Amino acid sequence: MDLKQLTTFHRVATLLSFTRAAADLKYAQSSVTAQVKGLEVALGVELFERLRGRIRLTPAGERLVPYAEQILSLVDEARDRTTGLGEPSGVLTIGTMESFTSYRMPPVLEYFHHRYPQLQLALRPSMCRDTCEALRQGTFDLGFLMEAETDHPGVRTEILGSEPLVAVAAPDHVLAGARNVTTGDLRAVPILAPEAGCSYGAMFEAELNGGAEQPVPLLQFGNIESIKRGVSAGLGVSVLPAMAVAAEIEARSLTVLDWKAPFEVYTQIAWRYGRHLTREMRVFIDWMVRFAEQDRQLVAC
């Protein structure tokens with residue numbers, strides 16, 4: 001096997017798609033297929049099961065993934081230590097939750113597009129627990145987490161800051177303008193569930209149910225945009241990251257309730273424990289820390 005085959009295998013294993021891997025690597029799909037086939041012939045095993053319209057790793061493919069990750073990481077380290085020259089390049093695969101992708105990443109993507117045109121940021125929507133697993137398996141290079149916990153098995157993190165959460169309602173809602181809104185007050189009105197799979201959503205649900213005689217029913221709306229539309233239409237109250245509702249609050253289509261979350265979550269950037277940080281990964285982490293500091297300074301002003 002050679003490095004080109006291993007790189008192609010790793011990209012296909014990450015994306016579970018020959019088509020998307022070809023686009024990421026800027027190869028013809030036939031070339032990606034041929035390289036994976038060549039690697040399978042060299043190893044004498046099948047690495048992917050070809051199913052109807054999709055693929056998945058075979059047990060042999062799953063065993064190869066961490067070795068491929070280690071080999072490619074060592075190649076990156078050798079390149080960095082030997083040359084240390086040139087612009088950051090290649091592809092960084094980054095796991096990120098919906099709220100962060102929609103409301104924090106656009107200016108970051110624009111900056112990197114102009115400042116580092118040879119470096120491609122491939123964002124992969126992922127719940128926090130799935131992001132941690134993908135980092136441990138080596139299928140993501142980096143990932144964003146929004147969690148109360150900052151220690152994750154097999155993963156290292158850099159805390160970007162506390163993520164403010166707010167309870168929001170329509171301006172004419174019965175709780176709008178009320179002072180010292182309690183969790184008991186929230187239990188008495190319809191609640192629209194926060195984004196699926198997020199830790200703050202689970203913590204909010206636990207807070208609601210903590211003093212309730214029976215579980216508080218939640219209206220499931222699926223994603224943040226539909227939740228905001230439901231809230232602004234007067235269907236209920238929700239708790240969301242302040243960054244996700246800033247535009248609606250400024251436009252006065254939503255209002256912030258006088259309720260303080262009794263828990264705190266932190267936005268973190270994460271990578272696999274023990275992994276060599278490539279130059280590209282270090283550049284991205286450093287700039288995310290700077291952007292986070294700039295956001296804190298803007299809030300303080």
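The values are calculated or read from the model by the stated rules, or taken from the named source; none is laboratory data. All values reported here derive from a predicted model rather than from experimental measurement. A quick note on method: Cβ atoms are made from the backbone with ideal geometry, for glycine too, and the neighbour counts reach across all protein chains shown.
Points to keep in mind about this one:
- Residue that is under 29 Å from E248 (Cα atoms), loosely packed, with under 13 Cβ neighbours inside 10 Å, of a type outside the set (S, T, N, Q) and in contact with a helix residue (DSSP H, G or I) (Cβ under 7 Å, 6 or more places away or on another chain), where the choices are P125, P194: P125
- Only a single criterion out of (1) touching a residue at least 60 places away in the same chain (Cβ under 8 Å); (2) more than 22 Å from R290 (Cα to Cα); (3) not aliphatic (A, V, I, L, M) is not satisfied by Y103, namely (2).
- Within segment 140-147, at least one residue is under 30 Å from F204 (Cα atoms) and of a type in the set (F, W, Y).
- Residue satisfying condition, being within 30 Å of S73 (Cα to Cα) and either out of contact with any helix residue (DSSP H, G or I) (no Cβ under 7 Å at 6 or more places or on another chain) or not in a helix (DSSP H, G or I) (or both), within set G222, G230, G274: G274
- When every residue of segment 168-185 is checked against the conditions, none turns out to be modelled with pLDDT of 85 or more and under 21 Å from P125 (Cα atoms).
- Enumeration of residues in segment 16-41 that are more than 19 Å from S89 (Cα to Cα) and either buried (at least 18 other Cβ atoms within 10 Å of the Cβ) or of a type outside the set (G, A, S) (or both): L16, F18, T19, Q29, V32, T33, Q35, V36, K37, L39, E40, V41
- Unique residue being within 30 Å of Q294 (Cβ to Cβ), part of a loop (DSSP other than H, G, I, E, B) and small (G, A, S) when the list is A246, A261: A261
- Considering residues of segment 277-294 that are part of a helix (DSSP H, G or I) and more than 19 Å from the chain's Cα centre (by Cα) only, the residue surrounded by the most Cβ atoms within 10 Å (Cβ to Cβ): R279
- Hits in segment 73-121 (condition: surrounded by 14 or more Cβ atoms within 10 Å (Cβ to Cβ) and either in contact with a His (Cβ under 6 Å, 6 or more places away or on another chain) or of a type in the set (D, E, K, R) (or both)): S73, D76, E77, R79, D80, E98, R104
- None of A176, A206, A148 is surrounded by fewer than 16 Cβ atoms within 10 Å (Cβ to Cβ), over 30 Å from G90 (Cα atoms) and touching a residue at least 12 places away in the same chain (Cβ under 8 Å) except A148.
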